[in-house]
Every structure is written in C-alpha cells, then in structure tokens.
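Worksheet: the structure to be examined is printed underneath.
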2 protein chains.
Amino acid sequence: MPTTDPSERRATIEDVAEAAGVSVATVSRALRDLPNVATSTRLRVEQFAQQLNYRADPNASRLAAGRSGAVAMAVPVFNSWYFSEIVAGAEAVFADAGYDVLISAIPGPHRRALFVSQTAYQRRADGIIMVDLAMGQGERDVLLRAGVPTVTTGAKSADFPGVIIDNVAVGRTAATHLAGLGHQRIALIAGQNEDPLHFTVPEDRQRGFERELEAREIFFDPSLEAAGNFSVAGGYEAMVGLLKLDHPPTAVFAMSDEMAFGAIQAAREYGLGVPEDLSIMGVDDHDLAAAFGLTTISQQVDHQGPLAARLLLALLDDHQPDELMVEVPTVLVERTTTGPPV
Amino acid sequence: MPTTDPSERRATIEDVAEAAGVSVATVSRALRDLPNVATSTRLRVEQFAQQLNYRADPNASRLAAGRSGAVAMAVPVFNSWYFSEIVAGAEAVFADAGYDVLISAIPGPHRRALFVSQTAYQRRADGIIMVDLAMGQGERDVLLRAGVPTVTTGAKSADFPGVIIDNVAVGRTAATHLAGLGHQRIALIAGQNEDPLHFTVPEDRQRGFERELEAREIFFDPSLEAAGNFSVAGGYEAMVGLLKLDHPPTAVFAMSDEMAFGAIQAAREYGLGVPEDLSIMGVDDHDLAAAFGLTTISQQVDHQGPLAARLLLALLDDHQPDELMVEVPTVLVERTTTGPPV
DNA sequence: AGGCCCACTGCAAGCGCTTACAATCAGGCC
DNA sequence: GGCCTGATTGTAAGCGCTTGCAGTGGGCCT
C-alpha cells in the first residue's frame, strides 16, 4: 500500500528517481547538470521531472548544500526613485542568474545592524548588496568574518567591492556650473542634519561643492545650507526656508533631483521665475528631470544596479571580478532651470 | 578531542543546547516561545543563545517545519512610483512580522507563469502578493490547488482576497470633472495597445470614463485615445501625437500621474499653457503631483501596500481576515492643471 | 502512604536534498 | 582471456532544525 498518492503532494526527488528508475543521487546530479551523468539518463530524468512538475525544494537543497540561492539587497527606503531604480536593475540581473532576491528597507542603524547580523549568522542569503548604507566598523567585521560576499553602492568602502561615483566631483561640477553662470550666492540643499545612518554621499558632494567655491573665492554662507532630507517635501521646505532669508540665494544646488523638484515648486509658489529669478539644479537625472526641464548631474543610475549585481555574481562564482571598484561617470545635463543671475 | 572549535563556525542549536545543558528540543522550543518550557530554562537558553550569537538556520527550520518564513511579491516593474510605493508599504509590515520579502519583476506572461509555478511547487514563499497582475485561469488553479495563500492588488479577482479600488469610478470621476468644467473634446491617455499581461485596471478606467461621457452625451472620438504605457516618456509621446491632430483635445485624462507629467512636458514644449490652453489630469496622487500642480485622483497608494500585507498575514496566520476584499476609496484632488476651456 | 496529574524535558525520527565514497560495468590493452 | 581504467550509478551519512511521543518527578488528593 503506497504511503500517499504522489499526485496529491508536491513531487519529491524520490518520486522522480522512482519514475525514472534511478537513484535520487543520479536525479540530483542530472538536474543540476553535473558531469558524470550519461546523456541518456539525464534526458530521461529531465523528462520525468517535468512530467511530475518537480522542483527541488529550495530549503532542502540549501540546507544540504550550504548555499541559499538568494541574495539580499538592503536599501534605506524603497519609495525613492534612485533606490527603486537600483533595485530594479539589480533584480533583473539576479533573476536571470536564477537567484532569489530578498529586500530589506533600513530605516535606521538598528535595522542595519540587525540586517547585517542576520545575513551573516543566519545565511538567509549567499551575498548582499548594501545600497548607500555606510556600515560601521563592527558591521563590516561581522560580514568579513562570516565571509559573506558583499557589494556596496554609493558609499565607497575599503573593505568591499562596489560601484561608486565620484561625489566630490559631483559637488565640484555643480559649483562650477553655477559659479560659471555668474552666481555668487549659491545655496545648498543637502541631506539631513541628523543622519543616523551616516551617509557619506552628502558629505562628499558638499566637500566638492565648497572646495570649488573656495577655489573660485566665492564665499559660502553657512546660512545658505539647508537640509532637504532627499525628499520632494524636504526640498520644498528647505527652499521655503531659504527664500525667507534676508539675503536669499540666486542659485541653488540640490543634492538630488527630488529635492530640486520640491525647490522648484516652492520657488514657483513664491512667484519666482526659474531660472530668471532663481537657478536650481539637482543630481540624478531623474525620470522626471526632463519634464521639469531640470538641469542636473546624471549618474547613470540605470547602470548601477546591474553593475552591482554582476559584481556580486562574480564574487559568488568565486572568481574575483576584473575590478573591485567600478566607477560610473557623472555628467552635467544642462536644461532650462539654470541661467545667469539677473 | 572536540570536532571543531565552535567559535570558528556559526553556532548551531546543538552548541546552545550543550552550553545550556539541555536538549536541542528544549532549545528549539524555548527560542520559539512555545509553551511547556520552564521560565528559568527559557531564560537560560536565551542567554546562551545570545552569547553564542546563535540564529536558527532558516533553511533548516523551514525544511523541518515546512514553512519558509518568506513571502513573495510580484510586480510588473519596480522602477515605477506606484509599484515601489506598494512594495515599500508591504515590506515594512512584513519585516515587522518577521517575514523575509522576496521580490520578482514580471516583464511578461511567461515570467508570470514561471513565478506562479515556482512559488507553488517550490515553496520558496509561504504566501504571495500579486500586484496588478491579472492571472490566467491556469495560474489561478495552480495557486489554488497548491494552497498558496495569495493576495492580489489592483486587479480584482474572485479567487483571491485583495485590495482594490473602484477603477470604473475613477474613470467616471475624471470624466465628470473635465466635462463639468465644460470640456467637450477630452482625450484619454491609456496603457498599452498590446498588453501581454492583460491588466484590467486600464480597461475599467476607460469603461467608466466612456460611460460617463456617454451619459453626458459627449462624443468620445476614438482618435483621442492614445497609448501612454504608464510611463513618463509614453505620456509625452502620446501627448505629442494628440497635439498633432487636426482637431486636438482641450482636456486630457491620463490614467496615471506619470503619463500626465509627460503630457504636461509635451504641452509646454508646444507652447501651450496648462490649464489655459489644455487641461491635464492624472491618477495616483504621485509624490510629485503637488510639485506639478497636477489635478489628479488619489488612490491612497501608501495604504494599499500595508493593507495587502496585513491581508496576507491574516491568511498565513490562518484566521480568515475580516473582509476579503478591501476597497480603498479614491478622491479627486483638484490642483492647477485643469480649468475651463477657453 | 500511594496514586494521579501535569508541567517539563528528552528521544529520535524525519524534512528533502547533496555529496564523499564505494560499487559496477564496459571497453581497451597486453 | 584477464586486468586496468574511467565513466556511471548507487549507498548512505549528514545538513540543522522541528515535533510526536515517551519519560520524569514534584505536588496534591484521598
């Protein structure tokens, strides 16, 4: 008397083995295209597997093989153009490579630490991508000791390969563009005042920006720096604050296009013409930058996700990638929101 | 002679058991807060677990328990405001509930079928959320037979619980608003001409839109329908096409804000004032709708992800949710891109 | 004091797969 | 024809956890 009617449960490797008249070991090997399986056997096994709708239980194979077949991506938030673009690009590559993709939003340092220790000690994923999430020394150590292949994005890290852009150059380019147009009072809409996650990106952009102004002997008034939180609403608020100043700026460099969009909205509501009364530029070359006519600095976001993914796949395949640090070029895209001061 | 220095490998449940001087069964029970464990024992086990940095291997526990501790979300694409918002909202809820979140982009019907059969036969996930992905009968059957708890979003389905909006009403609201302002030639920027995934959402919106016009005895000229592909670029192209018409529209209803943004851009480039020369409205209440001053129909996207997630969690917890179909209200948000025709 | 009940805990059998190692077998060679 | 070789396949021991079932012992009742 048979235990259970196989058609009533998911097929197991044993069902396939039985059907094909071979051992489970052979089925396992055949289905994973391992060598040392006669072609005829492989074909037969594949046929029965298909017939039975058999799929290896990932949990079982992971447990046995010690690999998880999944990668994890951690991003600060999802509902932001930049991050969803990165995730989308990487996901496509991972899906093609047969990996599952786990995602995790990291609202704060506590979650980041939790994420790191979970993936490290729990091997939920074979490798991880940290998007714009600078880790502390402790977290880096955990990952390194656990030997979890890790790729970073945005924040350059000496410990892990990653795809980066030259954020100092970004700041410099912005300052060059705006100062080149003749602006003297240039405001900066940056990230958060209190940044629990310690993004390094804003710092770098700010450094480049200030240095370039300095080099041009343009005074950067600290009151012209505002926190925009990398959101549309934040950019709006920041701009409102700047416009209330006794001596408002004639140009604004927002560290992201989304903040720039908010800034444009605020300027318009104040009855200011952009760029006649106020020049505004951003960073990213957001999907909607063209619709706003926004001058911005493109960082080819659509390339970054796939690049990071391929970097990680190389690591997982255990062959060192050609270059550990991939730098994506940035380029000024001039549109119509910047112009000379009146 | 000990086998391996425990500190050199990930701690296993056995290490904890040994350290705490109990059996692995007790450790397992203690750590999962099962009943029938003395409080003192539980405490001691927890302490040692923490000390050893122990985390249950998810693959092992899933294999043994037959649950995967993960949910999968399938969306058509990630880099679209609407979808990333849904994913973000749902992920937060799942993360709080201790579930891993797998994501899958579904570029076409083939991938959709693959996704369905994988989750069904491979139990990678305990449950799934299909975002705006109408399934074919075959796929629904597979899911139902396999008993995979499933929640749908956007596309109403008789077979699965879901969160929906009244898309017919959306179309009706748009027509009412625009016709109410006095427009007679109203264009429609819809989805794709050839839609391999068979979204039902655009159909419903269109139906409501046309019906309302009909009720008002306004003729809907078929040449005023254009495909905008639910993207900014698509909306732009669609608008360009409409503006080239011999008898262009005085108002446009775009089925998504992103398409509306593209349409606005096109109108501006053509030197048309919005809304003086052309009224444009969208659907979604996108983050940037306010920045564009876009009149739109809000569908409270930020609520939809969490709602869907909670629905699925209820299913996974095996207690039928209070209501299987959650309808999120839609509401017209009037801004400055619509006005009476000149 | 003897029994019974119940709260805890341990035993051990898997979960479905992978993989080192052993076994088998056909072909080729001397 | 016997022996060696390499290709193929089978055997079986786990992978690390969960869980049904079987103790174990203290408290309480009669």
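The values are calculated or read from the model by the stated rules, or taken from the named source; none is laboratory data. This is a predicted model, so every value here is computed, not measured. With ideal geometry, Cβ positions are generated from the backbone for all residues, glycine too; neighbour counts draw on all protein chains shown. Ligands, DNA and RNA are stripped out before the accessible areas are found, and what is left, the full protein with its side chains, is counted by its heavy atoms. Shrake-Rupley method; radii C 1.70, N 1.55, O 1.52, S 1.80 Å.
Listed by first and then second residue, the pairs with beta-carbon distance under 6 Å, at least 6 apart or on different chains, first residue in segment A:94-123 and farther than 13 Å from B:LEU102 by Cβ, second surrounded by 21 or more Cβ atoms within 10 Å (Cβ to Cβ) and of a type in the set (Gly, Ala, Ser), are A:ILE106/A:ALA74; A:PHE115/A:ALA74; A:PHE115/A:SER104; A:THR119/A:ALA72; A:THR119/A:ALA125; A:ARG123/A:SER68. In this structure, does B:GLN300 turn out to be open to solvent by 10 Å² or more (accessible area, probe 1.4 Å) and either acidic (Asp, Glu) or more than 15 Å from the chain's Cα centre (by Cα) (or both)? In short, no. When segment B:32-49 is filtered for residues that are near DNA strand D (Cβ under 10 Å from one of its atoms), open to solvent by 60 Å² or more (accessible area, probe 1.4 Å) and under 21 Å from A:GLN118 (Cβ atoms), only B:ARG32 remains. Exactly one residue out of A:GLN47, A:GLN51 is over 27 Å from B:GLU85 (Cβ atoms), among the polar types (S, T, N, Q) and more than 16 Å from DNA strand C (Cβ to nearest atom), and it is A:GLN47.
Filter segment B:6-28 for residues that are under 25 Å from A:SER68 (Cβ atoms), open to solvent by 30 Å² or more (accessible area, probe 1.4 Å) and in a helix (DSSP H, G or I); which is nearest to DNA strand C (Cβ to nearest atom)?
B:VAL24
Here B:ALA309 meets each of (1) in the same structural domain as B:ALA97 (by TED's automatic domain parsing); (2) at pLDDT 95 or above; (3) open to solvent by 10 Å² or more (accessible area, probe 1.4 Å) with one exception, condition (3).
The C-beta contact set for segment B:58-69 (first residue at pLDDT 85 or above, second residue open to solvent by 50 Å² or more (accessible area, probe 1.4 Å) and within 8 Å of DNA strand C (Cβ to nearest atom), distance under 8 angstrom, 6+ apart or interchain) comprises B:ASN59/A:LEU63; B:ALA60/A:LEU63; B:LEU63/A:LEU63.
Which of the residues belonging to segment A:115-151 are touching a Gly at 6+ places or on another chain (Cβ under 7 Å), among the aliphatic types (A, V, I, L, M) and more than 21 Å from A:PHE199 (Cα to Cα)? Within segment A:115-151, just A:VAL148 meets the criteria. What about B:LEU197, is it under 23 Å from B:ALA233 (Cβ atoms) and modelled with pLDDT under 90? When the stated conditions are applied, B:LEU197 passes them.
Restricting the search to helices (runs of 4 or more DSSP H) fully inside segment B:36-112 and requiring at least 3 residues that are hydroxyl-bearing (Ser, Thr, Tyr) gives B:39-51. The residues in segment B:80-137 that are at positive phi and of a type outside the set (Gly, Ala, Ser) can be counted, and the count is 2. Pairing residues of segment B:276-293 that are in contact (Cβ under 8 Å) with a residue 12 or more places away in the chain and within 14 Å of another protein chain (Cβ to nearest Cβ) with residues that are open to solvent by 10 Å² or more (accessible area, probe 1.4 Å) and small (Gly, Ala, Ser), at Cβ distances under 7 Å and at least 6 apart in sequence or on separate chains, gives B:ASP285/B:SER298. Across segment B:87-101, the number of residues qualifying as within 11 Å of the chain's Cα centre (by Cα) and either at the interface with chain A (Cβ under 9 Å from one of its Cβ atoms) or open to solvent by 30 Å² or more (accessible area, probe 1.4 Å) (or both) comes to 4. Does at least one position in segment B:34-55 carry a residue that is at the interface with chain A (Cβ under 8 Å from one of its Cβ atoms) and under 18 Å from A:ALA72 (Cα atoms)? Yes, because at least one residue in segment B:34-55 is at the interface with chain A (Cβ under 8 Å from one of its Cβ atoms) and under 18 Å from A:ALA72 (Cα atoms).
Got at least one residue in segment B:56-73 being more than 7 Å from DNA strand D (Cβ to nearest atom), within 9 Å of chain A (Cβ to nearest Cβ) and farther than 23 Å from B:PHE94 by Cα? No, there is no match, as no residue in segment B:56-73 is more than 7 Å from DNA strand D (Cβ to nearest atom), within 9 Å of chain A (Cβ to nearest Cβ) and farther than 23 Å from B:PHE94 by Cα. For B:VAL45, the criteria (1) over 30 Å from B:ILE164 (Cβ atoms); (2) in contact (Cβ under 8 Å) with a residue 60 or more places away in the chain hold in every case but one, which is (2). Does A:SER104 satisfy the condition of being open to solvent by 20 Å² or more (accessible area, probe 1.4 Å) and out of contact with any Gly (no Cβ under 8 Å at 6 or more places or on another chain)? Yes, satisfied.
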